[in-house]
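One structure is given below, encoded as structure tokens.
The values are calculated or read from the model by the stated rules, or taken from the named source; none is laboratory data. Quick caveat, the model's predicted, so the values are computed rather than measured. Here Cβ is always computed from backbone atoms with ideal geometry, including for glycine, and neighbour counts include all displayed protein chains. Surface accessibility is based on the protein's heavy atoms, side chains included, excluding ligands, DNA and RNA. Shrake-Rupley method; radii C 1.70, N 1.55, O 1.52, S 1.80 Å.
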Amino acid sequence: MNVMIVVTHLLGTGHLRRALVLADAFAAVGHRVLLASGGMPLNLPTPDGTRILQLPPLRSDGVNFSRLLDDADQLADDAGLARRQTMLCDAIADFEPDILITELFPFGRRVLSAEFIALLDAAQRRASPPVILSSIRDILAPPSKPSKAERAEELITNYYDAVLVHSDPHGTTLDQSWPISEAVSAKLRYTGYVTQPPPTPHPERIGEGEILVSAGGGNVGTALFETAIAAARLMPGYRWRLLVAGDAERVARLRDLARDSSTIVEPARPDFRNMLAGAAASVSLCGYNTAMDVLQTRAPAVFVPFDDGNEVEQSLRASSLSDLSGIATLQSAELTADALCATVRQVLAAPRREQGSLRFDGAAQSVTIATGMAEART
């Protein structure tokens with residue numbers, strides 16, 4: 001089958017990484033995948049059997065998701081937005097997908113509604129329309145007004161065959177962050193968490209016994225890194241390692257701040273998950289992918305949820321996980337070196353967390369659900 005996945009990451013990299021895991025799962029069993037990416041290009045491996053369609057890239061202006069900037073840091077103009085829309089509609093005609101998956105929309109990316117609706121209309125006009133699915137994470141940014149939830153429900157009713165919720169309902173259910181009507185509930189399909197296979201310990205034992213500090217793939221988390229450097233000086237019995245995304249200037253400034261200490265500051269690295277498997281503890285934001293890595297590796301973890309711009313998604317996720325042994329939450333307003341040290345010591349002293357019964361086969365289950373619906377249509 002032909003599978004088209006459409007994703008635009010605007011701030012961090014989690015949305016695109018999750019879409020790539022889905023693409024890999026479809027391609028691994030022989031399906032042809034076209035992944036249309038509308039965020040800034042990233043140097044990430046492309047799964048075998050997947051083709052990337054890079055749209056004219058956009059990013060948000062910090063946490064202002066209603067203000068979109070292009071790759072020249074200029075306000076996105078009508079011509080660029082129109083070109084994105086044309087490329088998506090042309091891809092529907094050329095690729096002829098049997099399955100179309102929109103990542104986050106219509107629960108988010110409302111600022112891009114025009115291009116998504118044009119895409120959905122083009123798909124529905126085909127003689128043999130594809131199965132249309134929305135792909136969403138465990139926790140959403142709650143709608144700021146009822147009309148946003150009502151509009152999402154209208155689009156789901158008019159266009160979508162199902163909503164793939166990449167969560168285990170024994171861990172997090174969608175109604176913890178989004179109002180679920182009867183119509184939406186009927187279309188929800190819980191897949192389990194979407195993540196890569198569990199990592200093995202690092203072959204060179206890098207990160208073993210260390211406290212790893214990370215903030216995902218976006219240019220965020222500066223306060224966390226700065227506080228971690230100060231906290232590391234108060235816990236000389238442990239080596240702290242900061243894995244910093246962003247440009248070289250950012251890494252260099254943090255290295256200068258950590259000068260004359262044992263703290264390691266380096267760019268974010270692709271073997272992070274292997275390092276986490278042997279780490280003493282993790283200190284991080286609470287994005288979806290990082291939370292999955294912590295759960296899979298059973299690493300003791302301190303989550304400092306990203307809450308700039310009234311963002312609540314990560315706080316809700318951290319709250320849902322904080323009852324687990326060896327996991328604690330420290331809100332950004334409470335973030336000091338002393339508080340971070342105390343919380344790290346707390347999770348280090350906690351009993352080792354059991355793996356539990358949460359499902360991490362969400363990518364494979366998404367393939368089963370999507371292809372089953374497509375086969376039933378033929």
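Details
- Scanning the range 30-82 for residues that are among the hydroxyl-bearing types (S, T, Y) and either under 13 Å from A19 (Cβ atoms) or part of a helix (DSSP H, G or I) (or both) returns S37, T46, T50.
- V265 part of a loop (DSSP other than H, G, I, E, B), more than 19 Å from I327 (Cα to Cα) and of a type in the set (A, V, I, L, M, F, W, C): no
- Residues of the range 136-162 satisfying the condition of being under 27 Å from D323 (Cβ atoms) and in contact (Cβ under 8 Å) with a residue 40 or more places away in the chain: R137, D138, I139, L140, A141, P142
- Restricting A374, A328, A364, A342 to those that are in contact with a strand residue (DSSP E or B) (Cβ under 6 Å, 6 or more places away or on another chain), of a type in the set (G, A, S) and part of a helix (DSSP H, G or I) reduces the list to A374.
- All positions within the range 280-323 that are open to solvent by 10 Å² or more (accessible area, probe 1.4 Å) and outside any helix (DSSP H, G or I): A280, L285, G287, R298, P300, F306, D307, E311, V312, S322, D323
- Note on the range 51-67: residues that are buried (at least 19 other Cβ atoms within 10 Å of the Cβ), within 19 Å of the chain's Cα centre (by Cα) and of a type in the set (A, V, I, L, M) amount to 1.
- Exclusive hit being outside any helix (DSSP H, G or I), closer than 24 Å to P267 by Cα and not hydrophobic (A, V, I, L, M, F, W, C), set H9, H15: H9
- Checking each residue in the range 164-194 for being open to solvent by 50 Å² or more (accessible area, probe 1.4 Å), over 21 Å from H15 (Cα atoms) and not hydrophobic (A, V, I, L, M, F, W, C) picks out H170, P179, E182, S185.
- From the list L335, L358, L348, the lone residue that is touching a residue at least 60 places away in the same chain (Cβ under 8 Å) and in contact with a His (Cβ under 8 Å, 6 or more places away or on another chain) is L358.
- Residue satisfying all of: in the range 105-117; among the hydrophobic types (A, V, I, L, M, F, W, C) and open to solvent by less than 10 Å² (accessible area, probe 1.4 Å); farthest from D77 (Cα to Cα) among these: F107
- Residue match in the range 3-14 (condition: within 23 Å of G372 (Cα to Cα), small (G, A, S) and either more than 17 Å from the chain's Cα centre (by Cα) or surrounded by fewer than 23 Cβ atoms within 10 Å (Cβ to Cβ) (or both)): no
- Counted residues, the range 19-55 - those being in contact (Cβ under 8 Å) with a residue 40 or more places away in the chain and touching a Phe, Trp or Tyr at 6+ places or on another chain (Cβ under 7 Å): 1
- Pairs with Cβ under 9 Å, 6+ apart, first in the range 235-251 and more than 22 Å from C341 (Cα to Cα) and modelled with pLDDT of 95 or more, second surrounded by 16 or more Cβ atoms within 10 Å (Cβ to Cβ) and basic (K, R): none
- Number of the condition not met by L120 [criteria: (1) assigned to a helix (DSSP H, G or I); (2) surrounded by fewer than 16 Cβ atoms within 10 Å (Cβ to Cβ); (3) under 25 Å from the mean Cα position of the chain (by Cα); (4) of a type outside the set (D, E)]: (2)
- You will find that of D90, D48, D94, D24, the residue that is open to solvent by 70 Å² or more (accessible area, probe 1.4 Å), of a type in the set (D, E) and modelled with pLDDT under 95 is D48 and no other.
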